[in-house]
Amino acid sequence: MNLAAVPHAYWPKPDRRPAVAPFSMATRRIEFWLAMASVFLTPFNILRLNAFYFTASDAFALAAVFAILLGRSFPTAPLAAGTFLWNTGIAMLCGMLLLSSLLVGDPQRGFVVSAQYLYAYLLLSFILMSRPWAETVLLIKAFTVSIGLMCLQGIMVINVLKEGHGSIFVSGNGRFVGWVERENECAALIALAVPLLLWLVSSGCARPRWAWIGVPLFAYGIVLTGSNTGLIGLVFALTVFVAMTGSWRRIILLTVSSLAVFSIAVTWGQDFLPAVFQHRVLTALQNGNIDEAGTFEDRMRLIKEAIGKADNNWLIGIGADQYRQVSAMHAPVHNCFLLIWVEAGLTGFIGFLLLLVAGIMVGMLAARLRKGRIAAICTLATVLLFAALANALPHIYGRFFVVPLLLGMAPSVAILRDGPAPRSVARFLRRARPERVRLQPQRRPT
């Protein structure tokens with residue numbers, strides 16, 4: 001056996017799997033394209049039922065699950081070594097949300113919210129994770145293309161068509177809500193697409209020019225939302241991803257370009273930036289007063305209130321969706337960690353943390369393998385960004401948040417399972433040129 005081409009830390013095993021039947025191959029292809037449709041439609045939160053939270057993306061995802069079961073190809077460990085921690089975290093989170101709702105809160109809301117979390121974090125992991133390299137790359141491309149189209153649609157609606165306030169895509173105060181129907185969530189979703197786009201380029205799965213096109217497009221899409229959360233998330237994603245690469249050239253380039261953009265925006269931003277961005281973000285930057293940035297003061301008041309309530313909910317929480325009932329401001333706290341602690345108790349909070357720990361563990365394991373560094377950077381940057389955004393959002397079971405989190409971990413799972421991406425997938429990766437060997441003239445025998 002020739003082991004020269006085997007990646008470090010891998011050992012080839014004989015393939016004893018039975019030959020795939022034509023019927024299974026057909027269902028496998030159908031299942032993949034259903035998963036592609038589900039991922040592409042992830043931002044389309046607008047395409048949902050009014051009776052309960054079920055979107056068009058969910059419909060394709062359930063169809064993909066049916067095809068997986070029909071083809072008998074259900075993965076047993078979708079997150080590789082992180083599967084046990086991931087499933088344990090889901091069980092603790094959903095179990096405590098339901099138990100707290102049955103004992104203290106509203107049992108009906110407990111069943112609904114627990115089912116939403118279970119579907120988003122457990123079922124979708126079986127659909128999107130543990131796939132071959134080619135399918136993983138196509139799913140990530142489908143998501144980034146969908147986000148790019150949403151940003152282009154925002155430019156068309158606001159800058160070209162001049163659509164008025166209070167329309168289906170623009171809120172009453174002029175903020176772009178996109179297909180997500182929420183301003184801050186739309187901006188956070190765009191920010192979550194940045195590590196995926198950077199990974200596609202860094203891994204050679206996309207041409208470098210798409211980073212120069214996509215990142216400014218995503219940034220302007222966030223500007224149209226007027227979201228401080230999305231803007232901070234964008235800066236965080238770029239900083240973490242570039243810093244983890246360890247390339248001084250990229251770090252210097254990012255620093256210089258960021259300072260240039262910041263200087264231009266602060267100095268001349270009132271001449272070309274959207275009015276909603278100037279009102280919610282630019283004024284605070286120019287005055288150096290964070291209290292002028294959106295609803296920062298109200299959010300901090302809710303966070304302080306939630307910290308006080310968390311002290312009284314160590315064992316059992318108040319139940320799912322009950323925070324607004326006990327809050328003096330009658331609103332959910334925009335901090336997912338505190339909200340889960342208060343509504344599900346400390347055990348449910350630990351369960352949510354285990355989900356993040358599982359993602360970080362998968363990234364760290366991938367970083368130890370040969371050629372696994374870029375995949376690990378994508379995973380770690382996505383998980384850390386998701387955790388940072390959770391500090392500014394309420395319950396996070398919307399599929400438009402969970403799908404980019406799973407896709408960010410997918411490259412690390414793929415390299416742990418199948419080794420480095422083949423040349424057919426990473427075809428735009430710059431390979432090191434082989435050194436030229438200088439031939440020495442042979443001496444004639446005497």
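What's the longest piece of the chain with no exposed chymotrypsin sites (Phe, Trp or Tyr not before Pro), counting a site as exposed if DSSP puts it in a loop and it has at most 12 other beta carbons within 10 Å?
So the longest stretch without any such site is 53-313.
Select from Leu253, Phe428, Val240 the residue farthest towards the positive end of the dipole of the chain; place +1 on Cβ of Lys and Arg, -1 on Cβ of Asp and Glu, and compute about the Cα centre.
Phe428
Pick out which of Ala366, Ala134, Ala188 has the largest mean-square fluctuation in a Gaussian network model of the chain, springs linking Cα atoms closer than 10 Å.
Greatest mean-square fluctuation among the candidates belongs to Ala134.
If you place +1 on the Cβ of every Lys and Arg, -1 on the Cβ of every Asp and Glu, and leave all else neutral, what size is the dipole of region 23-418 about its Cα centre, to the nearest 20 Debye?
1280
Which distance in nm do the two modelled labels at Lys162 and Ser24 give, with both placed 7 Å along the Cα-to-Cβ direction?
6.2
Pull out the extension gain between Asp311 and Ile213, defined as 0.36 nm times the separation in residues minus the alpha carbon to alpha carbon distance; nm, one decimal.
30.6 nm
Run the paramagnetic zone check for Leu47: 7 angstrom along Cα to Cβ, then residues of region 140-180 with backbone nitrogen under 16 Å.
Only 142-151, 153, 178-180 fall inside the zone, counting backbone N under 16 Å.
Farthest toward the dipole's positive end in the chain, which of Ser24, Asn312, Val403, given Cβ charges of +1 (Lys, Arg) and -1 (Asp, Glu) about the Cα centre?
Ser24
Order of Ile318, Ile251, Ile140 from fewest to most other C-beta atoms within 10 Å?
Ile251, Ile318, Ile140
Nearest 10 degrees is fine. How inclined is helix 83-103 to the longest principal axis of the chain, computing both from alpha carbons?
10
Would you list Leu200, Leu149 from fewest to most Cβ contacts within 10 Å?
The most exposed by this proxy come first: Leu149, Leu200.
Sorted from largest down, what three extents in whole angstroms do the Cα atoms of the chain have along their principal axes?
Computed over the chain, the largest-to-smallest principal extents equal 100, 55, 41 Å.
Taking neighbour Cβ counts within 10 Å as the exposure measure, how do Asp321, Asp311, Asp418 sort from fewest upward?
By the 10 Å Cβ count, ascending, the order reads Asp311, Asp418, Asp321.
Taking the simple approach of a point 7 Å from Cα along Cα-to-Cβ for both Glu181 and Ala134, what is their distance in nm?
Rounded to a tenth, the inter-label distance reads 3.8 nm.
Tell me the Kirkwood radius of region 117-220: reciprocal of the mean inverse pair distance over distinct alpha-carbon atoms, in Å.
15.1
Taking 60 Å as R0, compute the FRET efficiency from the Cβ-Cβ separation of Gln325 and Leu69 and round it to 0.05.
Rounded to the nearest 0.05, the efficiency is 0.90.
How far, in nm, would the chain grow between Ser247 and Ala91 when pulled straight, counting 0.36 nm per residue and subtracting the alpha carbon separation?
52.2 nm
Put +1 on the Cβ of each Lys and Arg and -1 on the Cβ of each Asp and Glu in region 319-441; which of Leu389, Asn335, Ile415 then has its Cα farthest toward the positive end of the dipole?
Ile415
Restricting to Cα pairs below 8 Å that are 6+ residues apart, what does the relative contact order work out to for region 23-418? Please round to a whole percent.
Relative contact order comes out at 23 percent.
Values in this text are rule-based calculations from the coordinates and carry no lab data. These figures come from a predicted structure and were not determined experimentally. With ideal geometry, Cβ positions are generated from the backbone for all residues, glycine too; neighbour counts draw on all protein chains shown.
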